[in-house]
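A short write-up of the structure that comes next.
Quick note: the coordinates plus some simple rules give every number you see, no bench work behind them. A quick note: this is a predicted structure, and the numbers were derived from the prediction, not measured. Positions of Cβ are generated from backbone atoms using ideal geometry, with glycine treated the same way; all protein chains shown enter the neighbour counts.
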Amino acid sequence: MKEKKAVYVNGYLGLVGLIILVGAGAVLFYLGMTNSSTFATVIGFIFFFIALILLSSATVVSPNQAKVILFFGQYIGTIRESGFFLTVPFAQKISISLKVRNFNSSVLKVNDLDGNPIEISAVVVFKVVDTAKALFDVAYYHDFVEIQSETAIRHIASQYPYDTFNDDDLTLRGNTTAVSDELAQELQERLSVAGVEVIETRLNHLAYATEIASAMLQRQQAKAILSARQTIVEGAVTMTQMALEQIEEGQEINFTDDRKVQLINNLLVSIITDKGTQPVINTGSLQEK
């Protein structure tokens, strides 16, 4: 079912017509009663009856609100324009909000791609764009949005690891914008049947579950230390190689293998260590080849 425009007229113009109709009916009814004219009396009564019927079609639509018009169970259209209107008489008028809404999901416990239990929740910003689908294609679209949002969050969270130390990997913690965009895309596919447009989704809570939080913190610290040490070692090796090349080229000194090993060892220790090194002065002579 798709939304369509209902038949309606400006309420103020219709109200003027009703006043004229009531006035004409009152005059005819009065003339019929005073002149004993049955025809005028009946016509005046008919005018009153028509005015009463048309008055039942009056409806008021507030800004960012729509009125869905049902005529004896049949959907005949939606009024989106705000104001005072006259529509089909004796029709049922169901109000539905078109305002932008926020849905804050509860904190969900999910296993990420690595199987680690995590806690995650998101904020979903949405609005109704098709009133017919929202009312007739799903039962209680508010509940539908809530259930589908939590289902999509669980599915997206299980597709990525919480965190890794590889910059090329897409993670929940390091790529929240990309994950949120994918969540919005998947959620839009799920909610299109309900006539709902997803404006934005954002992760507002992301953490390891309490039972493994301490262990995962130690793991992160260990990986961070290992990554830092690897960077330091790579830099130290490069600096040591450059130092040897500059000493040998600039001073035309050729170290023996033992001296090179000793010098490399001293340079690496002094660069890599995180504590202050104690200098040792060698008073011996350097052997040259």
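How far apart, in nanometres, would the label points at residue 19 and residue 246 be if each is projected 7 angstrom from Cα along the Cα-to-Cβ direction? Distance between the two pseudo-spin positions: 9.6 nm. Over all other residues within a Cβ to Cβ distance under 14 Å of residue 71, the charged ones net out to +3, with Lys and Arg as +1 and Asp and Glu as -1. Available extension along the chain between residue 225 and residue 42 is 56.2 nm, counting 0.36 nm per residue and deducting the alpha carbon span. Each label was represented as a point 7 Å from its Cα along the Cα-to-Cβ direction; for residue 95 and residue 200 these points are 2.8 nm apart.
Between residue 50 and residue 10, full extension at 0.36 nm per residue minus the direct alpha carbon distance yields a gain of 12.6 nm.
Residues whose amide H comes within less than 5 Å of that of residue 160, counting only those at least five positions distant or on another chain, are 113 (H built at 1.01 Å from N in the peptide plane).
For the stretch 9-96, the percent of C-alpha pairs falling in each 10 Å distance bin, counted from 0 to the bin holding the largest distance, reads 18, 37, 24, 15, 6, 0.
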